[in-house]
Amino acid sequence: MQSKFHQESHLLKQTLPQVITNHTSFSPLSFKKEIDRSLYLCRSGRLCSSLFSQHRDLLTTDLCNLVIKSYTSSNKHLESMLVYTCMNNVGILPDCATFPSVIKSAAQLSCSKLGKSIHGCIIQMGFDADVFINTALLSMYSTCRFLEDARRLFDEMPDRNSVTWNAMITGYTHNRKFREALELFRNMQMLDVEPTEVTMVSALSACAHLGALSQGKWIHNYINQSNIRLNVFVGTALIDMYAKCGCIDQSEKVFHSMRTKNVYTWNALILGFAMNGQGEMAVDIFSGMIKQNMKPDSVTFLALLCACGHQGLVGQGKKYFHSMEKEWGLQPNVEHYGSMVDLLGRAGCLDEALLLIQKMRMKPDAVIWRSLLGACRIHGNASLSEVAIRNLLELEPYNGENYVLLSNLYARDRRWKEIGEVRDTMSHKGIQKVPGCSSIEIDNKVYEFVVASRSEEDGFKEIYNMLDSINRTLKLSGYVADTDMVSYDVEEEEKESALMYHSEKLALAFGLLRTSGLEIRIVKNLRVCRDCHSFFKIVSQVYRRTIIVRDRNRFHHFVEGVCSCKDYW
């Protein structure tokens with residue numbers, strides 16, 4: 001009995017078009033069709049190798065390059081790599097036009113091993129000075145999260161153009177290395193390398209995540225003063241940057257100045273209003289979007305549900321959720337269900353939130369159970385908390401945040417024994433909680449503070465003294481530390497001390513020391529705790545300073561003792 005491979009090979013030979021044997025008609029298109037057919041008949045690629053061997057005398061590097069480029073541009077990256085492998089196997093040498101496409105395919109396949117192998121081949125063949133090949137390699141290393149390799153390659157490149165700089169800055173931004181992205185952007189300016197729209201989008205994204213408003217404004221001014229077009233991508237990035245820095249009015253100005261807008265532009269503004277506690281404005285913008293005949297997408301409804309959740313607009317949120325499929329043909333995904341659970345939970349509709357989870361079309365993820373658990377903590381539903389935490393730990397047994405939430409629940413009920421057991425479990429599993437980290441931008445420089453960072457370095461002692469002074473002043477104004485969530489069975493004074501050095505309080509003290517009369521803007525990686533929230537409200541009143549805090553969930557604008565979230569976060 002013939003093997004399957006021989007049967008397939010025989011079938012391929014029978015069905016090959018006559019054009020294959022006609023030298024004058026042999027073309028990249030015809031050759032690509034035969035490769036497609038060979039892959040259809042045998043996914044292992046053996047027939048493709050056979051095809052290369054049979055027609056070696058007709059094949060050239062240029063022809064193979066065209067086929068590879070065609071596959072890469074069509075997102076058929078496995079096919080692209082197969083052709084590259086086959087051409088090497090039959091002795092067809094790649095050239096400088098071959099590598100950018102195959103490097104891109106290796107990156108899209110997240111195949112760093114193959115990418116490094118291709119890099120070695122490039123060096124051996126003497127193409128390592130080619131700026132286009134090096135830029136492709138840089139992007140590949142960044143995509144595969146080998147940022148040190150990418151930066152080493154960048155620093156060693158004999159020639160760099162704006163595309164190369166873009167690739168490195170974008171690589172940092174996509175890998176959440178926002179400080180490094182902005183530092184490289186500044187270096188680019190110092191060397192008089194002209195940035196492009198792509199550069200601006202990446203730099204603005206870094207500013208948005210860091211809350212670096214001054215640097216974001218500088219980039220905006222640079223765009224206005226240079227020949228860089230305020231196209232839909234740059235405009236949307238500006239809207240997002242201003243919104244994430246708490247300047248939603250500026251976001252709106254940029255929005256109205258744009259001649260062309262797409263759905264992402266509208267989404268950025270809707271989400272910006274939602275994050276900044278202006279749910280009604282988010283709803284109004286959505287109405288304007290519909291009037292402009294701009295069709296919403298799934299992200300639009302996520303932004304709307306976020307707006308309704310933060311504003312307590314339960315009825316409106318339900319309406320949007322149900323309209324997704326009925327009016328727009330969009331099936332809610334797990335994120336939309338998560339937003340609805342959050343919306344219902346914040347409003348105290350815990351039974352309804354649980355019912356929605358039970359009726360979901362898909363399996364609820366950890367985010368959904370965490371939202372329900374947070375709502376249970378706010379509204380004091382102990383029995384439902386147990387259900388939520390059980391499911392949460394089953395889905396994410398090694399996520400430290402889940403154990404922190406459980407400890408907070410136990411601390412509220414003073415269940416110290418159970419808290420000790422939670423700590424033992426974390427220690428046994430090697431689980432660590434994510435430390436609180438807050439940043440503040442002063443004089444175009446971003447400073448970071450970590451919870452309980454009692455450093456004796458120059459400047460830190462001044463911050464601690466300032467924080468102690470603030471605490472004494474606030475107590476005279478009626479501030480009482482909220483120690484319910486301190487998960488240690490210690491004296492009240494020790495609990496207050498544990499709360500005193502939260503990262504956002506350190507950043508606030510530093511901001512009060514270094515600025516006078518200006519808004520203080522702080523970005524935190526975690527949710528602001530109840531005690532810090534109360535602390536910041538009183539500081540804004542006593543010190544007559546506007547304080548804007550962006551935590552993991554939303555913005556808090558503290559003005560004269562009142563927060564924009566209306567204590568609903």
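Flag set for ARG186, criterion: at pLDDT 90 or above and either closer than 29 Å to GLN250 by Cβ or in contact with a Cys (Cβ under 7 Å, 6 or more places away or on another chain) (or both). Within segment 317-340, residues that are farther than 19 Å from GLY279 by Cα have Cβ atoms under 7 Å from residues that are aromatic (Phe, Trp, Tyr) and in a helix (DSSP H, G or I) in these pairs: LEU330/PHE301; PRO332/PHE321, counting only partners at least 6 apart in sequence or on another chain. Here the condition is being in contact with an Asp or Glu (Cβ under 8 Å, 6 or more places away or on another chain), outside any loop (DSSP other than H, G, I, E, B) and among the aromatic types (Phe, Trp, Tyr); of TYR141, TYR84, it holds for TYR141 alone.
Screening VAL232 on (1) modelled with pLDDT under 95; (2) under 25 Å from PHE185 (Cβ atoms) shows it passes everything except condition (1). Against the criterion of being more than 28 Å from LEU313 (Cα to Cα), in contact (Cβ under 8 Å) with a residue 12 or more places away in the chain and among the polar types (S, T, N, Q), SER407 qualifies. The requirement of being crowded, with 23+ Cβ neighbours inside 10 Å and more than 30 Å from GLU79 (Cα to Cα) is satisfied by MET200. As for segment 100-115, it holds at least one residue that is more than 23 Å from LYS177 (Cα to Cα) and of a type in the set (Ser, Thr, Tyr). Return a yes/no flag: does segment 264-286 have any residue that is surrounded by fewer than 22 Cβ atoms within 10 Å (Cβ to Cβ), out of contact with any helix residue (DSSP H, G or I) (no Cβ under 8 Å at 6 or more places or on another chain) and among the acidic types (Asp, Glu). Yes - at least one qualifying residue is present in segment 264-286.
Taking segment 533-548 as the search range and keeping residues that are of a type in the set (Ser, Thr, Tyr) and over 22 Å from ILE248 (Cα atoms), which one is surrounded by the fewest Cβ atoms within 10 Å (Cβ to Cβ)?
The extreme case among them is TYR543.
Exactly one residue among ARG554, ARG530 is at pLDDT below 90 and either buried (at least 20 other Cβ atoms within 10 Å of the Cβ) or among the polar types (S, T, N, Q) (or both), and that residue is ARG554. Of the residues making up segment 557-567, those that are assigned to a loop (DSSP other than H, G, I, E, B) and at pLDDT 90 or above number 2.
Being among the polar types (S, T, N, Q) and touching a Gly at 6+ places or on another chain (Cβ under 7 Å) is the filter here, so list the residues in segment 349-373 that pass it. Once the filter is applied, which keeps residues that are among the polar types (S, T, N, Q) and touching a Gly at 6+ places or on another chain (Cβ under 7 Å), segment 349-373 yields only SER371.
The values are calculated or read from the model by the stated rules, or taken from the named source; none is laboratory data. Remember, it's a predicted structure, so these values are computed and weren't measured experimentally. Heads up, the Cβs are rebuilt from the backbone with ideal geometry, glycines too, and the neighbour counts pull from every protein chain shown.
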